[in-house]
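Here is the structure we will look at, set down as structure tokens.
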Amino acid sequence: MTERRARGTSPGGRGDRRTSRTRPKLDAPGRPTAAKRPTRRHPESAKRKPTGKLDRGEHTILGLSTGKAVILAAVLCGLALTLAVPTRTYFSQRAEAVALAKQRVELDADLAALRDRRAQQQDPAYIRSQARDRLRLVMPGETPYIVQIPGIEAPAPPPMSTRTAAPDPWYTDLWRSISEPAPEGPR
């Protein structure tokens, strides 16, 4: 059996389409009269809703025909590709703005600390105390002294190594002789 017979169409393949010459008389808007109603012979055809077109096994996706679904998918892909670059730019610039704001806050804090230090270094009392502590300077007329407590002094620097460097292995000398060009002598 062909698929058309299974669907309840006539052997000629025309189904129950009406030609433009014969139109049914209507007793109510959109409904044929009771005498002219087509009879249904197959239970499969009773389940289907007539669409006005010959059903040729057309598939639907989300209620749209396949062709319309393909066109919709292409439009959506084009729209997504059109919006992808500006969206990426927007998010990257937003992240960059956040990073710059954080960097500015850090720089403002550093600037405030440097201004405080400059003001502190312009104070004569601070300069005197740093000269005494760091440089061990004294004012004229004062007697300098240093208190040394055993165990607190700085450790002595380690003695210089008198050990000579070990000669290179034979393969290092061989590699140097191959990789470096021979010195040019007088000809």
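Nothing in this text is a laboratory measurement; each read-out follows from the coordinates by a stated rule. Predicted model only: the values in this text are computed from it and were never measured. Here the Cβ is made from the backbone with ideal geometry for all residues, glycine too, and neighbour counts use every protein chain on show.
From the backbone phi of the stretch 140-152, what are the Karplus-calculated ³J(HN,Hα) couplings (6.51 cos²θ - 1.76 cosθ + 1.60, θ = phi - 60°) in whole Hz, Gly and Pro given as x?
Listing the rounded values in order: x, x, 8, 9, x, 8, 10, 8, 10, 10, x, x, 9 Hz.
Loop only by DSSP, 14 or fewer other Cβ within 10 Å of the Cβ. Give me the GluC sites (Glu not before Pro) in the stretch 94-160 that pass, ordered by residue number.
E142, E153
Grab the Cα-Cα distance for R88 and D168, subtract it from 0.36 nm times how many residues apart they are, and report the gain in nm with one decimal.
Values: separation 80, 0.36 × 80 = 28.80 nm, distance 5.73 nm.
My answer for the length gained is 23.1 nm.
Pulled fully out, how much extra length does the chain show between V147 and E96, if you take 0.36 nm times their separation in residues and subtract their Cα-Cα distance? Present the calculation step by step, with values, prior to reporting the outcome.
On the way: separation 51, 0.36 × 51 = 18.36 nm, distance 5.62 nm.
Result for the pair: 12.7 nm of gain on full extension.
Which residue, W170, A156, V138, has the largest displacement toward the positive end of the dipole of the stretch 126-176 when charges sit on each Cβ (Lys, Arg +1; Asp, Glu -1)?
Of W170, A156, V138, it is V138.
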